[in-house]
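A quick write-up on the structure given underneath.
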Amino acid sequence: MAEEKFSRREMSYEDFKERSNFNYNMVELVLKFSPEVSQRVADFFYEEDTIIEKNGYKIVNVSYPEDEWVYSMILSYGEYVEVVEPLHIKKIIKERAKKTYEKY
């Protein structure tokens with residue numbers, strides 16, 4: 001084993017975007033998560049981006065580059081997430097879920 005140690009650099013997502021000349025099409029997402037995935041949502045999303053409803057559902061407002069990663073991230077929550085906005089992402093997720101269903 002090497003004696004070197006890794007030191008994590010603190011960098012916000014905004015700093016990362018500035019340094020990397022981000023040219024992606026950003027999308028503002030509103031996602032509604034079921035209580036069953038509450039801990040996973042808390043681990044993945046910032047508290048300040050999350051609204052907790054009385055029934056335990058979490059509404060998350062985030063901005064991400066629209067790409068395959070975003071679609072995969074949403075689909076990874078399966079039946080426990082609903083895309084509230086934007087409509088075109090909701091349609092993409094619906095179509096991909098439908099194609100997956102048809103395979104099985």
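Coordinate-derived values only; no laboratory data. Since the structure is predicted, the reported quantities are computational estimates derived from the model, not experimental observations. When we count neighbours, we look across all protein chains shown, and the Cβ atoms used for this are built from the backbone with ideal geometry, even at glycine.
What to note about this one:
- Scanning the range 54-85 for residues that are loosely packed, with under 14 Cβ neighbours inside 10 Å, touching a residue at least 24 places away in the same chain (Cβ under 8 Å) and more than 13 Å from the chain's Cα centre (by Cα) yields one hit, GLU79.
- Residue satisfying all of: in the range 87-100; touching a Leu at 6+ places or on another chain (Cβ under 9 Å), surrounded by 14 or more Cβ atoms within 10 Å (Cβ to Cβ) and not charged (D, E, K, R); farthest from GLU28 (Cα to Cα) among these: ALA97
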